[in-house]
1. So how many residues does the range A:3-57 have that are at the interface with chain B (Cβ under 7 Å from one of its Cβ atoms) and hydrophobic (A, V, I, L, M, F, W, C)?
2. Could you tell me whether the range A:8-17 includes any residue that is touching a helix residue (DSSP H, G or I) at 6+ places or on another chain (Cβ under 8 Å), under 22 Å from residue A:67 (Cα atoms) and crowded, with 17+ Cβ neighbours inside 10 Å?
3. If you scan the range A:61-82, which residues turn out to be touching a residue at least 12 places away in the same chain (Cβ under 8 Å), more than 9 Å from chain B (Cβ to nearest Cβ) and of a type outside the set (Val, Ile, Thr)?
4. Condition first: farther than 23 Å from residue A:61 by Cβ and polar (S, T, N, Q). Now tell me which residues in the range B:60-119 satisfy that.
5. Sort through B:34, B:13, B:17, B:45 and tell me the only one that's farther than 20 Å from residue B:106 by Cβ and of a type outside the set (S, T, N, Q).
6. How many residues, within the range B:96-119, are over 15 Å from residue B:50 (Cβ atoms) and outside any loop (DSSP other than H, G, I, E, B)?
7. Output the residue which, of all residues in the range A:93-118 that are of a type in the set (Ser, Thr, Tyr) and either within 12 Å of chain B (Cβ to nearest Cβ) or buried (at least 16 other Cβ atoms within 10 Å of the Cβ) (or both), is farthest from the chain's Cα centre (by Cα).
8. Residues that are among the polar types (S, T, N, Q), out of contact with any strand residue (DSSP E or B) (no Cβ under 6 Å at 6 or more places or on another chain) and surrounded by fewer than 18 Cβ atoms within 10 Å (Cβ to Cβ): does the range B:37-51 have at least one?
2 protein chains.
Amino acid sequence: MFLNKPKIIRISEVRPEPVANAKGTFIRVLFPPEETPTYSMRVFEIEPQGHIPAHKHPWEHEIFVLEGKVKIKVGNEEFILEPETAIYIPPNIVHEYWNIGESKAKFICTIPNKPSVKH
Amino acid sequence: MFLNKPKIIRISEVRPEPVANAKGTFIRVLFPPEETPTYSMRVFEIEPQGHIPAHKHPWEHEIFVLEGKVKIKVGNEEFILEPETAIYIPPNIVHEYWNIGESKAKFICTIPNKPSVKH
């Protein structure tokens, strides 16, 4: 089940947790899958020179950049994202992230609670 | 079906459309339901004194405030949201928005592509 009442949360109220296998990367889960019917909302912070290695999964991401400069490789394409810019990453495509700026990169990353396609 | 390749979009690339029945409110759809497997991401802008009237629907919202000061009423509770703050609004609860600041209010509003619960 999921929360049947509103939940308000500030980023600063959530302790950042290091992301396993990534370098200089922290996640704060604002709305976890246990609390939501359909998808989860998280905030990622990547330190300068930080990196999230290539990975894939059978669900999409919808990402919105809040701060900094992030390079994202999706399949064989590379994109540079800055604030006010969003990216949709389809299910089952390998993706990888780098902070290529000189300050912290910060973005909202949403993710479905269950696979969108078959493995 | 949905997009099987990445899509990158800047807010400024999307024409703002007035929101029907609302006052001083504009929507830009970054990732519409036709392009996405699970949920859609939109950006709302509400002018000072703008207002989105009370409404409800059988799906949730997950909202993240980017700019300004928004009052949101959910059921009988009222919340003031400022940047860096997010709100989860459960399905089937009446909600209503006001810009109570002196500048534009801007927030990301995500929404499932189909109902999360029965009507």
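Read the figures in this text as sums done on the coordinates, not as results from a lab. Values in this document were obtained by computation on a predicted structure and should not be read as measured data. We place every Cβ from the backbone using ideal geometry, glycine too, and count neighbours over all the protein chains shown.
1. Within the range A:3-57, residues that are at the interface with chain B (Cβ under 7 Å from one of its Cβ atoms) and hydrophobic (A, V, I, L, M, F, W, C) number 7.
2. Scanning the range A:8-17 turns up no residue that is touching a helix residue (DSSP H, G or I) at 6+ places or on another chain (Cβ under 8 Å), under 22 Å from residue A:67 (Cα atoms) and crowded, with 17+ Cβ neighbours inside 10 Å.
3. A:61, A:67, A:68, A:69, A:71, A:73
4. Answer for the range B:60-119, where residues must be farther than 23 Å from residue A:61 by Cβ and polar (S, T, N, Q): B:76, B:92, B:99, B:103.
5. Working: B:13 fails: farther than 20 Å from residue B:106 by Cβ; B:17 fails: farther than 20 Å from residue B:106 by Cβ; B:45 fails: farther than 20 Å from residue B:106 by Cβ.
That would be B:34, the only listed residue that is farther than 20 Å from residue B:106 by Cβ and of a type outside the set (S, T, N, Q).
6. 4
7. Looking at the filtered set, the residue picked out is A:116.
8. Scanning the range B:37-51, I find at least one residue that is among the polar types (S, T, N, Q), out of contact with any strand residue (DSSP E or B) (no Cβ under 6 Å at 6 or more places or on another chain) and surrounded by fewer than 18 Cβ atoms within 10 Å (Cβ to Cβ), so the answer is yes.
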